[in-house]
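S.K.: Below you will find the structure I want to go over with you.
The values are calculated or read from the model by the stated rules, or taken from the named source; none is laboratory data. As the structure is a prediction and not an experimental result, all values here were calculated from the model. With ideal geometry, Cβ positions are generated from the backbone for all residues, glycine too; neighbour counts draw on all protein chains shown. Heavy atoms of the whole protein, side chains included, go into the accessibility calculation; ligands, DNA and RNA do not. Shrake-Rupley method; radii C 1.70, N 1.55, O 1.52, S 1.80 Å.
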Amino acid sequence: QVQLVESGGGLVQAGGSLRLSCVGSGRAFSSFAMGWFRQAPGKGRQFVAAITQSGSRTFYADSVKGRFTISRDNTKSTVYLQIDGLKPEDTAVYYCAARSWGTIAYVPDDYNYWGQGTQVTVSS
């Protein structure tokens, strides 16, 4: 089992940047593939990015490629999401998720641990 706590959200102007962090506690963090998802008001949870247990491979949703960067530091039990060039349509609650089996997944149901989310609001 792992507990996840996100931080780093906030209100920023379009074109700005944020770095979200997600700290895990409990079971060995390095054994989990990690993902970031987001959920805008009235919409379902959307895949954003994912990273393998070692950090050697990353995957991104087409809508965020080139602007978002996922990384992890297993010595700190932390996964990051660097967000550059923020757009108003990036406004959402951002969640990190951990998957205790297999490798990267893109569907929320394939992750079995979730954080509480951090709000990102982008003003135009």
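S.K.: If you count only protein heavy atoms with a 1.4 Å probe, what accessible area per residue comes out for the chain, rounded to a whole Å²?
M.R.: On the way: 5840 Å² over 124 residues.
On a per-residue basis, the chain sits at 47 Å².
S.K.: Along Cα→Cβ, 7 Å out, is where each label goes; now give me the distance between the ones at S54 and Q116 in nm to one decimal.
M.R.: A separation of 3.5 nm, rounded to one decimal place.
S.K.: Given a 1.4 Å probe and every protein chain left where it sits, what share in percent of the accessible area of the chain is carbon and sulfur? Before the final figure, lay out the partial values.
M.R.: On the way: 2900 of 5840 Å².
Within the chain, the accessible surface is 50 percent carbon and sulfur.
S.K.: In nm, what is the difference between 0.36 nm times the number of residues separating Q1 and T75 and their Cα-Cα distance?
M.R.: Here the answer is 24.9 nm.
S.K.: Could you go through the stretch 100-108 in sequence order and give the Karplus-derived ³J(HN,Hα) for each residue, using 6.51 cos²θ - 1.76 cosθ + 1.60 with θ = phi - 60°, rounded to whole Hz, and x for Gly and Pro?
M.R.: For the stretch 100-108, the Karplus-derived couplings read 8, 9, x, 10, 4, 9, 10, 10, x Hz, x marking Gly and Pro.
S.K.: For a quick size check, give me the Cα extents of the chain along its three principal axes, largest first, whole Å.
M.R.: Here the Cα extents, ordered largest to smallest, are 40, 27, 24 Å.
S.K.: Then there's this: Quick one: ranking F47, F59 by accessible area, 1.4 Å probe, largest first, what do you get?
M.R.: Ranked list, largest accessible area first: F59, F47.
S.K.: Taking amide H positions as placed in the peptide plane 1.01 Å from N, state which residues far from V2 in sequence (5 or more) or on other chains have amide H under 5 Å from it.
M.R.: Long-range HN contacts for V2: R27.
S.K.: Also, quick follow-up: For a quick check of understanding: with a 1.4 angstrom probe and all protein chains in place, what accessible area in square angstrom does S54 have, to the nearest ten?
M.R.: Estimated to the nearest 10 Å², S54 gives 90 Å².
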